Amino acid sequence: MKTGISRRALLKGGLAVGAGLSIGFPVVQAARRVARAQTPGVFAPNQWLRIDRDGVVTIVNSVPEMGQGSLTTTSMIIADELDAVLDNVRVEQAPANPALYKNPVTGNQAYGGSRGVRDHFDMWRKAAAGAREMLAQAAANEWGVPVESVETEAGAALHRATGRRLLYGQLVDRAQQLPVPQNPTLKTPDKFRYIGKVVHRRDTPEKITGRGVYGMDVQVPGMLVASIERCPVFGGKVKSFDATAAKRVKGVKHVVQVSNGVAVVADGLWPALQGRKALRVTWDEGPTAQVSSATITREYEAAAKQPGQVAKNEGDAEKVLAGGGRVHEAVYQVPFLEHACMEPMNATAQVTPEACVIWAPTQNPGGTQAMAAKLTGLPPEKVTVNTTLLGGGFGRRGELDFIVDAVETAKAVGKPVKVMWTREDDITHGFYRPATHNVFRAALDANGAPVAWFTRMVGPGILIQKGRAQAGTIDAAAVEAVRNMPYDIQNLRIEWINKDLGIPLGFWRSVGASQNGFIVESFIDELAHLAGKDPYEYRRALLGKSPRHKGVLELAATKASWGAPLPPGRARGIAVAFSYGSYVATVAEVSVAPDGAVRVHRLVAAIDPGLAVNPEQVRAQMEGGAVYALTATFYGRITIDRGRVQQSNFNDYPMLRINEMPVVDVHILDSGEAPGGLGEPGVPTVAPAVCNAVYAATGKRVRSLPIDRNELRRA
Amino acid sequence: MITFTINGRRRQVDVPPEMPLLWVIRETLGLTGTKYGCGMALCGVCTVHLDGAPVRTCVTPVSAVAGKKVTTIEGLSDKGDHPVQRAWTEVDVPQCGFCQPGQIMSAAALLATKPSPTDADIDDAMSGNICRCGTYQRIRAAIHRAAALKKGGAR
Ligand code: FES
Ligand code: FES
C-alpha cells in the first residue's frame, strides 16, 4: 500500500535534529523493522538499539516524550551501558508494537504512573550491556585475543596491552554474527558515564526553534481538518443534526456523525470552526443531565453517614474513638480537576481498506493500535502508530477518545484527517480527577500522640469506572496514599464508599495521591497543633517504620531551616508523602495578605527517588510538579451543572502564572535504592505544605480546595 | 489578497480578512512553530512579533497585519542561536516544549526593549504566557542569562 505519509511529514519529524538527535517517525511497520535487524551493515542485537558502519547509534525510545525528558533519559541509560557517546546517538520513537515495546511491568505499551525509567531501567541496561559484550567479542575475535582483555570506551573497543582500538562502526558486521548473550554483566555504578550525571536535555534544540513536531503540527498531503461538535452533557448522543448551513461555509467538505458527536471536516481548521458554529444538532442528553455539583455534594454527604468498605483495619479504631478522650474530627473535600495539557487534544489518521496510519500525541500507542484495529477491522499489524511529541500528558493522553475521533472521521471521509479540539472542547470533555468527600476522626493519648485514626472516603473510583478493577472491590487509586500512609498508629481504620455519578474520570498527575496527600497531611497537621507539638517533630516521631519518609522529611526541614525565625508575616508548613516509587517532603513558606490572598514565597522539597538517573531532570520534574499542584491549590475546580462542565478556558479555569511562581528549591536524597518515579511525586505534598503554612500564619484551617481567600480575609 | 512580510519574505495570502493570523501562519503558510492553546489571548503560545512587538495571533485578524512585518519562532534566528534560545538551552528550560516558542518570543521582545529586565519586568512581560509543565523558575533564570549573553556582544 501507499502509506500516504508525506516525505515532508517524515522529514519534518526525521530532521527535527540538533546535536545528533532525531525524533524520527517510525513509518515502517513493525514487521519490517524486525526484518531490518538483518540488514547488512547494521548491528541490531535487539529492538532497542542498532549501530551502523558509521558508528551512529540509533536508540528506540518506547516512552512517549511528554516533557519528562524520556528522549534524553532513555538515551542516557542505553548509551551508558553500551559505552556509546551520547553525541553519536539518535533517538527514534518506537512504533506501536506491544510484542516488542510493551512495558515489562504492566504488560501494556502505554505510559503513565511515572513508569518510564523505573520499569525499564534493568531491561534497557541489559539490552545495551548485551550489545556491548557482542562488540567486545567481535573485537576479540578480530584481534585473536581473549575477550576478557578487551575493554570498551566511548564508542570503541580497545586492547590496552597492544594499544589496538576499533570503533563500534568497524565492528558491526562481525558483531552481527554473534549470539546475543542472555545474562550480560552490567556496569557497576562507579563506571557510569551518564547515569547519575547532569546531562542537558537532548530535545531542546527542536523545542526552541519550532521544529519539533507535536500532534497538532502533523501535515499529511491531501489532509483535511475536522472539528467535532460534542454533546455538552457527558454520555449524551446525537438525536439528529442539520448540516445545511454548515456545508454552505466555504472550505467545508463533509459533515459526518461519529461516536463522539458530529464532525465538520474542512480544508482547514478555521472553516471547520465556522461550519461547526453553523451546525444544528439535537441531542439526547441522557441521565447525566440530572447531575450537578450540588447533587454530587449532597450525595457524598449522605453516603458519608453510612459505613463504607474496609480498605484497612488494624487494631480497633472505632472502639478507641468511642472511648472518648481527646477526639478530633474534620471533613476534607476536593473538587474535580481537568488536566489542561498545554496542547489541546488532537490526532491525525488515514484509513484505507488495507491499512490505517495514525499520528498522535499519545501516552498509549499500544491501546491506540488495538482500538484502531477494532474500529477499522484491520489486523493490528496493519495499524501504524506514529507517536509525535506530546504537548503535555499528565495522564490525559493515556485516553483514546481523541484518537477515536480521528480514526472514525478519516474512515468516514476516505481521506487523511486531523481532528483538532478547541480549548473549550478540552476542558469540557476531559477525564477528571475525582471530587471526593472525606471524614476524619482521631483520638490522642495523654502525650498528644494519635492512638486511633479513622478515615471514611467518599468518591468515585477511576479503576472501577474504567473496568480495570471489579465493581464492589476497593479502588486502589481512590485510597492511594491513605491506605498506605506512613504513620505509626496502633488503631487504624480506612473505609471507602464508591459514589460514581457518571462524570468521566481520569488519571491526573499523581492520581489518588494528588488529593489524598492533601487530606492526610493536613489532618495530621491538625493533630500536631491540637497536641501542642511542632508539626515536623510530631510527624518525625511517628515515622519509625518509614525510614525513607523520615529521611526526606528531615532533609526538607533542615534545608528549609525549619524552626528558624522568618520575616514578620511569614510562616512555614510541612508535608511528606510517597507516590509512584519516590518519597517527597516539602516545606512551604507563605504569607497571607489582609484580603486573604496567599503568597507562596518558597518551596523547599526533598526527594528520595532512589537512583537519580538525571539529577537536573529530577529537579525539573519537581519544579513542574510544584506548579501543577499550586494551580490546583489556588485555582483548580471543575463544577457541573446539569451534566455540563461549567468551565471552558483559562479565564474560568486559571493556571498559575510566572508572577505567582515561588522559588522552588529541590534537594535530592540518594538512598541508593532502585529508581523511582519522577513525573508525579512532586505533586502530593505541595497543597498540604501550603495549607499547613496558611494555618501557621492565620490559625485558619483550609479543608477544601481550591483555597478560598474570602475565608482567610481578616475582617 | 493580503500581503505581509513573514520572517523576511513577502507573502500574499488569499484568505478571509477576519481569519486569525494564527491559522494563516500554521495552515496557510505551514509554519507550525507557533502554537494554539486557547484562542482567546489567555495563554500566549501563539505569540509572534508584529513589527517587533509581541502579539497573540489567535485574536489578530490577518487583515491587521497587511503591509507589516511578522516574525515567528522560525524566523527569530537562523541557527536557533538567539541569546534567548542559547540561554534556554543552557538552563534546560523546556519540558514538553509546547509553550516555549511563545515564551521565547515574549522573552525576546522583552529584552529588545529592556536589556536588563528586573524580576518585576519579567513578571509583567511574561505573565501572559502559561506553561502547564511549570518551567517558570527556569524561564526567569534563562531571561537573566540571556540578558547577560546579549550584553556579552552576542548580536
Ligand atoms: S492561543 Fe493565543 S493566547 Fe492562547
Ligand atoms: S514546557 Fe510544557 S507547557 Fe511549557
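The values are calculated or read from the model by the stated rules, or taken from the named source; none is laboratory data. This one's a predicted model, so the numbers in the text were calculated from it and none came from an experiment. Note that each Cβ is placed from the backbone with ideal geometry, even for glycine, and that neighbours are counted across all protein chains shown. Note: areas computed on protein heavy atoms with side chains; ligands, DNA, RNA excluded. Shrake-Rupley method; radii C 1.70, N 1.55, O 1.52, S 1.80 Å.
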Qualifying positions in the range B:90-134 - facing chain A (nearest Cβ under 7 Å) and touching a Pro at 6+ places or on another chain (Cβ under 7 Å): B:Gln100
Residue count, the range A:99-128 (criterion: closer than 19 Å to A:Leu82 by Cβ and among the acidic types (Asp, Glu)): 1
Unmet criterion (only one of (1) in contact (Cβ under 8 Å) with a residue 24 or more places away in the chain; (2) within 15 Å of ligand 1 (Cβ to nearest atom)) for B:Gly39: (1)
Leading residue by the ranking (farthest from A:Arg90 (Cα to Cα)) among those in the range A:204-226 that are charged (D, E, K, R) and open to solvent by less than 10 Å² (accessible area, probe 1.4 Å): A:Asp217
Residue within the range A:583-596 that is of a type in the set (Asp, Glu), in a helix (DSSP H, G or I) and assigned by TED's automatic domain parsing to the domain that holds A:Ile668 present: no
Residue in the range B:115-122 that is away from ligand 2 (no atom under 12 Å from the Cβ), open to solvent by less than 10 Å² (accessible area, probe 1.4 Å) and among the polar types (S, T, N, Q) present: no
Condition met for B:Ala146 (crowded, with 23+ Cβ neighbours inside 10 Å, over 23 Å from A:Asp217 (Cβ atoms) and more than 10 Å from every other protein chain (Cβ to nearest Cβ)): yes
Of all residues making up the range A:540-566, the number that are open to solvent by 50 Å² or more (accessible area, probe 1.4 Å) and either free of Cβ contacts under 8 Å to residues at least 12 places away in the same chain or over 20 Å from A:Val600 (Cβ atoms) (or both): 11
Of all residues in the range B:44-54 being closer than 22 Å to B:Cys131 by Cα and open to solvent by 30 Å² or more (accessible area, probe 1.4 Å), the one that is nearest to ligand 1 (Cβ to nearest atom): B:Pro54
Lone unmet requirement of (1) outside any strand (DSSP E or B); (2) open to solvent by 10 Å² or more (accessible area, probe 1.4 Å); (3) farther than 30 Å from A:Phe507 by Cβ; (4) in contact (Cβ under 8 Å) with a residue 40 or more places away in the chain for A:Glu537: (4)
Checking A:Ser671 against (1) polar (S, T, N, Q); (2) over 23 Å from B:Cys99 (Cβ atoms); (3) within 14 Å of chain B (Cβ to nearest Cβ), the condition it does not meet: (3)
Which listed residue is more than 10 Å from chain B (Cβ to nearest Cβ), open to solvent by less than 10 Å² (accessible area, probe 1.4 Å) and more than 16 Å from ligand 1 (Cβ to nearest atom), from A:Ala606, A:Ala632, A:Ala597, A:Ala620: A:Ala606
So A:Leu656, is it closer than 18 Å to A:Arg118 by Cα and among the aliphatic types (A, V, I, L, M): no
Strands (runs of 3 or more DSSP E) wholly inside the range B:12-113 that include at least 3 residues being away from ligand 2 (no atom under 14 Å from the Cβ) and not basic (Lys, Arg): B:47-50, B:53-56
Subset of the range B:26-43 [in contact with a strand residue (DSSP E or B) (Cβ under 7 Å, 6 or more places away or on another chain) and either open to solvent by less than 30 Å² (accessible area, probe 1.4 Å) or among the small types (Gly, Ala, Ser) (or both)]: B:Leu29, B:Thr34, B:Ala41
Counted residues, the range A:208-247 - those being in contact with a helix residue (DSSP H, G or I) (Cβ under 8 Å, 6 or more places away or on another chain), within 14 Å of chain B (Cβ to nearest Cβ) and part of a helix (DSSP H, G or I): 3
Subset of the range B:1-30 [more than 7 Å from chain A (Cβ to nearest Cβ) and aliphatic (A, V, I, L, M)]: B:Met1, B:Ile2, B:Ile6, B:Val13, B:Val15, B:Leu21, B:Leu22, B:Val24, B:Ile25, B:Leu29
Test: residue in the range A:274-285 that is in contact with a Ser or Thr (Cβ under 6 Å, 6 or more places away or on another chain), within 14 Å of chain B (Cβ to nearest Cβ) and crowded, with 21+ Cβ neighbours inside 10 Å: yes
Yes/no for A:Val57 being under 25 Å from A:Glu343 (Cα atoms) and more than 14 Å from chain B (Cβ to nearest Cβ): no
Residue within the range B:63-73 that is at the interface with another protein chain (Cβ under 7 Å from one of its Cβ atoms) and open to solvent by 10 Å² or more (accessible area, probe 1.4 Å) present: no
So B:Glu74, is it touching a Leu at 6+ places or on another chain (Cβ under 6 Å) and away from ligand 1 (no atom under 16 Å from the Cβ): yes
Hey, B:Lys69 away from ligand 1 (no atom under 16 Å from the Cβ) and within 21 Å of B:Arg56 (Cβ to Cβ) or not: yes
From the options B:Pro101, B:Pro94, residue that is within 16 Å of ligand 1 (Cβ to nearest atom) and open to solvent by less than 50 Å² (accessible area, probe 1.4 Å): B:Pro101
Selected residue [crowded, with 24+ Cβ neighbours inside 10 Å, part of a helix (DSSP H, G or I) and out of contact with any Leu (no Cβ under 8 Å at 6 or more places or on another chain)] from A:Asn710, A:Asn692, A:Asn659: A:Asn692
